[in-house]
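The values are calculated or read from the model by the stated rules, or taken from the named source; none is laboratory data. These numbers come from a predicted model, not from an experiment. Please note: Cβ atoms are built from the backbone with ideal geometry, for glycine as well, and neighbour counts cover all protein chains shown. Protein only, heavy atoms only, side chains kept; ligands, DNA and RNA dropped before computing areas. Shrake-Rupley method; radii C 1.70, N 1.55, O 1.52, S 1.80 Å.
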Amino acid sequence: MMYTKNRCRMLLAWCFMLTLNWTQAFAQITTSLTGKRFANITLEASLKPFKQKDNKYYQMVATELFTQWQSLLRHTDTVSVLLWVADGSEILNYQGKSDQSLEWAKYIGNPNTDRPVGSGPKELSLHERAYLYQGAPPNFTYGDLKQIVNTLKEVGKHLTGKPIRIGATFDPGPEFAKSPFKYEKHPEILEGSAMGHKSFVYSYATLKADKQSYAGYPEGIPANTPFGTFFGRQSQHFLRDLGFDYIWFSNGFGFGMEPWSSTGVIFTGTGFNSDKLADTKAKIINFWKLFRQECPNFRIETRGTNLSTGIDLAKDGVDLRTIYKGGFNILPPPNSPWAALDGDFGLELVGYMSRMAELPGDHYIFRYYTHDPWWLNSPWLDRYGREPHDIYLPMSVSRIDAEGNIALPTHLNFLTVDDSFGNMPTQVPDEVTPHILKARYDSPDAPGPLVWIYPFEEYHHWANQQKNLEEIYYGDWFIRQAINNGLPLNTVISSRSFSSVKREKPGLFDQSVLISIVPDPGSDYEKALINHVQQGGKVVIYGPVNRASDRFLDLLNLEKVDPLDGEFQISRAFVNDHLMQAYPNKIRHQALFSGAGISSKVKDVHDTSTKVYAQFKQGNASRDVVIARALPTWKGGAVAYISGTNSSHFSGGRLLNPDNPNEYFIGPLYMRYILQAFGIDINFEKADPAIKSPVLGISRNRNAYFFSGYAPNTTVKHLFKLPQGAPLLNGYDTELINGSSSYIFPTASHRECRVFIEQQDGIVSSKEMHSGELGISRRLKVSGLKNATVRIYPPDTTKDSAIHFYLNSDYPWKEGKIPFKKGDQKFGHHYVVEHISGDLVVSW
């Protein structure tokens, strides 16, 4: 009887759902889902999975595609499929005919070489030739492509109950598909050297005359037609006719000449062509205007370059501020996928944060590299080794908007859901999805311990005046190297927003150390920074002081003297990382790559509130390069200054290369070391300077601290001590060394911390326990305590009456209850017990 009743209930529920609007019913079901929803999740895919030219086969592929990711798609409002049809030449070549043959990305390797596909000796690399991905790829037409687009929309809507968008792509380079348009008919639109000499389309190119008929130009292309005009008009026809909803600009298109390189039109590697800056900026902006005149309404989503806002502006004239404010209906560039290739997670995070400091709206993207459908690699399975560090690190990043709200990525992209053979192995979504969801559950809801105040306005203002290009170029490279050397920086706010947020939410940064360049003299930002320090705030200033006002120099107790560069000997008072082979005592400061020469000296050497942590010496001359100052009248506030040697150089290739760490000390290390002045000790124990340091993120969620990391070398030991004590990462045991907790992490790590202790030595741990008691949602056990002070960080909403401490007790928790007190608010919301030995259990 019970079985029959249950069946009836199920049938009634199903009938009820059928009578409802699908999205309303879905909303009722998903109200219990954890974590902040995404506005959109994009599944990027090539046409390779559509291995047969048959509508039923298209439906099977679409069904599998959406089914694989269903547990993640529950967490979004909209689902998109970004189709990598070819290289964008399918748009350039489009004639408006459904029976027109479609050249598509059916290759593995580079099809735009001198060698026929599938030919050449075995030893040739994939960049030197291409293969077909299967024996007989389908011969698609534009009509077939339209059918695939329609099938994806219909099947996706049916399976997910959500709006389905389909995106088209344009790539400026020679990857993915054959492109006679770029490399034979119109080589005049090529510049750049990302994949060989003149290999990339530049957005502000001009086309020569072409008698071929195109959808937007049935009589042919007139001479001197701007590429932006032609491309915009072709895009309008292509997107509208084939049922696409938006377009993706790939690999830096629309953002400069050299999307992968540290040099460009402005920066040559040896200096800056500042006279070209204004004209280059204008040409880039004109492309966006021309494109929008022809294609006014379709959303543009962008990949951006491999670099960052400041670097792109100084080297290639990319005026991101004007692009953002231009009303072009764009999504800003996400994190670059290149960290999967070169391990440069510092550059990935710097680029990501610099572009989200200000936005063209309220939306931005996190993009994850699962498969590569062209170059025979699947990063989740091989490059990452199935380690989720490139999930947890960038997803620990957040921005603070102009109202002081923590803003997370609204869009999530996967590049791609298919591999180079057109397969969609279920292993990848099955393994990746839990990490994505976990990272989203734990996403920041408060500023992290470190907050980067990004000089978005200053950089663009200086560029408009064609000044300080060296500093614009330098700043992001310096922070990139600091992150690569263990600086846990993952919260960003723009300098413009900071000034307004300080007025409206003055306590927002009370538990954070701010990181900033020297502000412009007399600016509102300068006033806000000075006031922040004098009212109890903590700030690290980096970069040249040659622009500093007298008032700001007084704050730092510095004076400007003649700048020096070149090689220096180092005098330092730091407790450094623990190395078997010590860091060199020599450093190289190149003014070209470090913003300027070093010109900082302590003004009042008798000021007992000023401490010099590092000094550089060159002959009889010396410069004070790392200092900290804290006056008694500052209510606990403190300021530190680092001259900011960017220990990198240009020796050809794509990126600036770090100096040899066995020969020169790496200057950006000082960014992590100076945190000691604020009670934050993060050190590493490793064999020698050449061993790469871990990349770290420390974020806040529900009053907990989350430690995320990437350990390129898993022999490195991490040592942590924050102002409130040594962090005990939940689920780990740790040996306390001089009051710091120590850990050796795997390649990827992500751990919650709600327990900090003050204790000099011993082996301690924080472990999860079961509730076992009505009204208790969480129980932790802290073991190995010896006369310790223990601080516990429950969720913000926890009331005093709801938290319980037990000493050396066990279930059913009728004995051993001990008193506690609320902790000092300077450390945030927490509770404290003192002089504790043995095992402590806390529940709430």
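So with the 1.4 Å probe, I'd like the accessible area per residue for the chain, rounded to whole Å².
Value for the chain: 37 Å² per residue.
³J(HN,Hα) across segment 260-267 via Karplus (A = 6.51, B = -1.76, C = 1.60, θ = phi - 60°), whole Hz, x for Gly/Pro?
10, 10, 7, 10, x, 5, 8, 9
Considering amide H positions built from the backbone, and no H for Pro or chain starts, which residues 5 or more places from VAL513, or on another chain, come under 5 Å of its amide H?
LEU450, VAL451
Provide the gained length on full extension for the span GLU128 to ARG503, in nm with one decimal, where the gain is 0.36 nm per separating residue minus the Cα-Cα distance.
That works out to 129.2 nm of additional length.
Grab the DSSP H runs of the chain that are 4 residues or longer, score each as -39,500 (n - 2.57), total them, divide by all residues and round the 222 nm result to the nearest 500 deg cm²/dmol.
My calculation for the chain gives -7500 deg cm²/dmol from helical runs alone.
Would you mind finding the longest exposed-site-free stretch of the chain, with exposed GluC sites (Glu not before Pro) meaning DSSP loop and at most 14 other Cβ atoms within 10 Å?
The reported range is 404-662.
Between LYS611 and ASN576, 0.36 nm times their residue separation minus their Cα-Cα distance comes to what?
10.9 nm
Could you tell me the distance between the Cα centroids of segment 216-246 and segment 785-844, to the nearest Å?
Using only Cα atoms, the two centres lie 67 Å from each other.
State which helices in the chain qualify, where a helix is a whole DSSP H run, it must extend 18 Å or more along its own axis by its Cα atoms, and its mean Kyte-Doolittle hydropathy must be at least 0.0.
2-19
Determine the relative contact order of segment 212-342: mean sequence separation of Cα pairs under 8 Å and six or more apart, normalised by residue count, in whole percent.
29 percent.
What whole number of Å gives the distance from the Cα centroid of segment 594-671 to the Cα centroid of segment 298-355?
Going from one Cα centre to the other spans 28 Å.
How much of the accessible area of the chain, in percent, comes from carbon and sulfur atoms when a 1.4 Å probe is used?
C and S fraction of accessible area: 49 percent.
Quick one: which residues, 5+ away or cross-chain, put their amide H under 5 Å from the amide H of ARG165? H built at 1.01 Å from N.
Those qualifying (amide H under 5 Å, at least 5 residues apart or on another chain) are VAL79, SER80, VAL81.
For segment 617-634, what does the Karplus curve 6.51 cos²θ - 1.76 cosθ + 1.60, with θ = phi - 60°, yield as ³J(HN,Hα) per residue in whole Hz, taken in order and with x for Gly and Pro?
Going residue by residue, I get 10, 9, x, 8, 9, 9, 9, 8, 10, 9, 9, 9, 9, 8, 7, x, 7, 8 Hz, with x marking Gly and Pro.
Looking at this model, which pairs from LYS53/LYS97; LYS467/LYS601; LYS178/LYS281; LYS502/LYS686 are more than 29 angstrom apart at the alpha-carbon?
LYS178/LYS281; LYS502/LYS686
With a/c under 1.5 counting as rounded, go ahead and sort segment 533-640 into rounded, prolate or oblate using the C-alpha gyration tensor (a ≥ b ≥ c being the square roots of the eigenvalues; past the cut-off, prolate if a/b is larger than b/c, else oblate).
Verdict is oblate for segment 533-640.
Among 785-795, 822-832, how do they line up by average Cβ neighbours within 10 Å per residue, starting with the highest?
785-795, 822-832
From the backbone phi of segment 244-250, what are the Karplus-calculated ³J(HN,Hα) couplings (6.51 cos²θ - 1.76 cosθ + 1.60, θ = phi - 60°) in whole Hz, Gly and Pro given as x?
With coefficients 6.51, -1.76 and 1.60, one gets 6, 10, 7, 9, 10, 8, 9 Hz.
Pairs LYS51/LYS157; LYS36/LYS717; LYS505/LYS817; LYS767/LYS826; LYS36/LYS814: which are spaced more than 28 Å apart, C-alpha to C-alpha?
Result: LYS36/LYS717; LYS505/LYS817; LYS36/LYS814 exceed 28 Å.
Going by Cα centres, segment 100-127 and segment 548-563 are how many Å apart?
With segment 100-127 and segment 548-563 each reduced to a Cα centre, they are spaced 59 Å.
What is the diffusion coefficient of segment 467-535 in µm²/s, taking the Kirkwood radius over Cα pairs and the Stokes-Einstein relation at 25 °C with a viscosity of 0.890 mPa s?
180 µm²/s
Which net charge results when you count Lys and Arg as +1 and Asp and Glu as -1 among the other residues whose beta-carbon is under 10 Å from that of SER420?
Around SER420, the charge tally is -2.
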